[in-house]
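The values are calculated or read from the model by the stated rules, or taken from the named source; none is laboratory data. Just so it is clear, the structure is predicted and the values come from calculations on it, not from any experiment. When we count neighbours, we look across all protein chains shown, and the Cβ atoms used for this are built from the backbone with ideal geometry, even at glycine. Note: accessible area is taken over every heavy atom of the protein model, side chains too, but ligands, DNA and RNA are not part of it. Shrake-Rupley method; radii C 1.70, N 1.55, O 1.52, S 1.80 Å.
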Amino acid sequence: LVRIIFQVAQNRFRKGIVAPAAQCFMYTDRIRLSQVIINFTNNALKFTSKGSIEMGYRIEEASDEIYFYVKDTGIGIPADKIDKVFERFVKLNSFIKGTGLGLAICRVIVERLGGVIGVESKEGEGSRFWFRIPRSEKIEK
């Protein structure tokens with residue numbers, strides 16, 4: 001699954017996407033998982049005019065979870081607005097295309113996959129959007 005996600009990202013963005021070295025197998029909804037990673041990557045591309053975008057994952061053996069992230073050196077998010085980014089219709093920049101629904105949809109997907117979603121950001125320095133999901137199936141219906 002992870003290889004498929006990185007191939008999709010590589011084909012779609014063709015810039016700075018490096019495939020992971022380690023293989024990982026998991027049971028999950030690959031379409032929804034891909035949707036979250038692609039949304040994170042699209043946002044990173046929209047808000048990063050210079051610098052870099054990095055995407056990756058690590059396996060957290062103790063909790064049997066996978067931690068995925070997309071990190072950028074873009075404009076970042078003001079500290080007083082960071083708690084609102086996963087709410088519906090929240091747009092922090094009215095000059096950038098979008099409806100303000102993408103991250104809210106990501107939150108719903110990740111939670112239905114039994115995971116947790118979050119962001120760390122510093123205005124003017126960039127952001128790291130991340131989520132953790134179980135490697136074994138615990139999907140809410």
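Some observations on this one:
- As a summary of the residue check, Phe47 satisfies the conditions (1) of a type outside the set (Gly, Ala, Ser); (2) modelled with pLDDT of 90 or more; (3) open to solvent by less than 90 Å² (accessible area, probe 1.4 Å) except for the one numbered (2).
- Within segment 110-122, residues that are touching a residue at least 12 places away in the same chain (Cβ under 8 Å) sit with their Cβ atoms under 8 Å from residues that are hydroxyl-bearing (Ser, Thr, Tyr) and open to solvent by 30 Å² or more (accessible area, probe 1.4 Å), at 6+ positions apart or across chains, in these pairs: Leu113/Thr28.
- Selection from segment 23-41 of residues that are assigned to a helix (DSSP H, G or I) and open to solvent by less than 50 Å² (accessible area, probe 1.4 Å): Leu33, Ser34, Val36, Ile37, Ile38, Asn39, Phe40, Thr41
- Among the candidates Gly114, Gly126, residue that is modelled with pLDDT of 90 or more, in contact with a strand residue (DSSP E or B) (Cβ under 9 Å, 6 or more places away or on another chain), more than 15 Å from Asn39 (Cβ to Cβ) and open to solvent by 30 Å² or more (accessible area, probe 1.4 Å): Gly114
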